Amino acid sequence: MLDASAVEVHPAIRTNASEAIVSGVPWFDQRGIAVSARGAGILKEGERWYLFGEFKQDHGNAFVGFSCYSSTDLVNWRFENVVLPTQPDGRLGPDRVGERPKVLKCPATGEFVMYMHTDDRGYRDPAVGYATSPTINGVYTFHGPLLHNGEIIKKWDMSAFQDDDGAGYLVTHSGNIFRLADDYRSVVEPVVQDMTPGFESPAIFKREGVYYWLGSGLTGWERNDNTYFTAPSLRGPWKPRGHFAPVGSLTWNSQTTFVLPVAGSEGTTFVYMGDRWAHPRQNTAATYVWQPLHFAEDGTMSLPEFRQSWNLDTLTGRWSEARVAGSLVDIRDYPGVRVEGTWTRHTDSDGHTDLRSAEKGASLTIPFTGTRIGFHAVARPDGGFGRVEIRDAGGDLVLHSIVETYCLYSEASLKFLGPELERGDYSLTVTVLGERFFWQAKTATYGSHGDYVSVQKILLVE
Ligand code: GAL
């Protein structure tokens with residue numbers, strides 16, 4: 001079991017200092033370590049939100065546990081624990097796959113019940129499993145597959161939903177909804193069956209009496225344009241509503257995992273939570289795309305634009321625009337940059353100009369004096385992984401992470417934002433790893449065409 005207190009935090013890192021929800025950059029927990037909760041879901045208990053997700057590795061896809069983080073503001077996350085570690089054997093044993101954990105609190109028993117996708121490494125042995133714990137932050141006891149009339153539910157992508165009346169539901173890929181027993185430990189009834197083949201990463205929420213069901217297309221960890229359905233009842237009829245982000249944006253480069261309603265004194269914000277996967281660097285280079293959902297009068301849901309950063313007032317339930325503070329300087333104009341290896345200036349047909357390199361080991365070192373550093377980059381179909389390090393004036397490592405500058409279209413945005421630091425002299429180094437996103441699914445191969453790491457603009461808070 002991991003022990004959060006065992007990690008030495010660099011004294012320059014100021015925790016709990018962030019104010020905005022920032023998408024597409026690694027997030028850092030109270031220890032300055034990347035928040036690793038992929039395929040996540042959230043449950044609120046008391047004053048805290050608990051985020052459960054896949055605790056990933058940077059090499060290999062084997063299950064290494066489900067993580068739990070908690071927060072009072074949905075911005076600053078505290079690592080709680082790996083709440084369901086690899087089991088000695090069985091469906092979540094060594095060299096297995098465990099994905100998309102979702103936790104419900106069972107009204108009848110008061111127990112916390114976690115549902116997940118279990119599988120073999122080749123995704124040929126899918127089953128929905130469950131685990132329970134008397135406390136929200138674990139440790140959870142794994143009970144094996146969730147059963148319906150003694151039968152295993154052989155589904156993969158899944159989610160869980162609790163309706164207003166306390167009834168619990170399991171939702172799976174291809175458009176299935178199953179009602180859970182009162183103790184949430186088995187399935188009692190298929191409610192919707194095979195509504196739409198290939199509809200993955202399901203998430204359901206309810207707003208003003210309407211149920212919304214989101215999901216992705218079937219492209220493994222590659223991004224696609226996700227779609228949604230609505231219905232007056234979980235039983236349907238479910239009406240296809242099409243895409244909710246502009247077609248071609250690939251859901252702003254993300255895959256649905258969950259929608260979190262945040263209700264306050266003035267209204268409710270529905271937070272779309274998506275994953276920007278980065279196989280095989282899923283631990284540090286995958287990022288979160290969390291966006292406020294818009295609703296038109298007729299209930300049409302959308303993410304009309306990508307909000308790099310925004311504020312959520314958890315008391316009022318209202319969100320507002322928020323710019324990441326700091327000044328932006330083009331990398332070519334930034335004073336004192338130390339260059340190792342070959343970086344070339346590149347302007348693509350979309351008009352994005354940056355410095356980029358695919359030479360393994362090539363680096364850019366950016367000295368700075370201030371409290372926070374970040375950078376914008378251009379992600380392209382030939383983008384790869386870069387290592388990012390912040391060092392203090394004495395050369396000690398403050399923080400490290402991996403970023404990815406891959407996208408199926410050319411897209412310029414913030415790719416790294418460090419945590420708040422004590423004001424001082426530091427340096428930021430970006431090094432080309434010579435690695436790229438790739439994924440081989442049953443029927444297709446996805447991935448980048450190159451190892452390019454891009455740096456476009458430096459963001460500095462003095
Ligand atoms: C995706 C799915 C992920 C993961 C991946 C592996 O379609 O949503 O959870 O299973 O495939 O290929």
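Bear in mind these aren't lab numbers, they're just calculated from the coordinates by the rules spelled out. Here the structure is a predicted model, which means the values were calculated and not measured. Neighbour counts run over all protein chains shown; Cβ positions are idealised from the backbone, glycine included.
Hey, what does the equivalent ellipsoid look like for region 118-217, semi-axes from the Cα gyration tensor as sqrt of 5 times each eigenvalue, largest first, whole Å?
Details: eigenvalues 83, 71, 35 Å².
So the three semi-axes of region 118-217 are 20, 19, 13 Å.
For region 295-367, restrict the atom set to alpha-carbon positions and state the Rg and Dmax in Å.
Every Cα atom of region 295-367 included, Rg and Dmax give 19.5, 56 Å.
Just to compare against my own numbers: the Cα pair-distance distribution for the chain, 20 Å bins, whole % per bin, please.
Taking all Cα pairs of the chain, the binned fractions are 25, 58, 16, 0 percent.
Quick one, what does Rg over Rh come out to for region 93-170 if you take C-alpha atoms and the Kirkwood Rh? Please list the in-between numbers first.
Working: Rg = 12.7 Å, Rh = 13.0 Å.
Rg/Rh for region 93-170 comes to 0.97.
In region 418-462, if every C-alpha pair distance is counted and binned at 10 Å from zero, what percent goes to each bin?
Spelled out bin by bin, region 418-462 gives 17, 33, 25, 17, 7, 0 percent.
Between GLU45 and THR347, how many nm apart are label points set 7 Å from Cα along the C-beta direction?
Result for the modelled spin labels: 5.6 nm.
Label points 7 Å out from Cα along the Cβ direction at GLU111 and LYS360: separation in nm?
5.0 nm
Taking the alpha-carbon set of region 224-282, what are its Rg and Dmax in Å?
According to the Cα coordinates of region 224-282, Rg and Dmax are 14.3, 42 Å.
Please enumerate, by chain and number, the lysines with C-alpha under 22 Å from the C-alpha of LYS457, excluding those fewer than 8 residues away in the same chain.
LYS360, LYS415
Going Cα to Cα from LYS154, which lysines come in below 28 Å? Please leave out same-chain ones fewer than 8 positions away.
Result set, ordered by chain and number: LYS56, LYS102, LYS105, LYS206, LYS239, LYS442.
Starting at the first residue of region 244-256, write each ³J(HN,Hα) from the Karplus equation 6.51 cos²θ - 1.76 cosθ + 1.60 with θ = phi - 60°, in whole Hz, x for Gly and Pro.
Working through the residues one at a time gives 10, 10, x, 4, x, 6, 6, 6, 6, 6, 7, 10, 3 Hz.
When averaged across all projection directions, what area in nm² does the alpha-carbon convex hull of region 327-461 cover?
8.4 nm²
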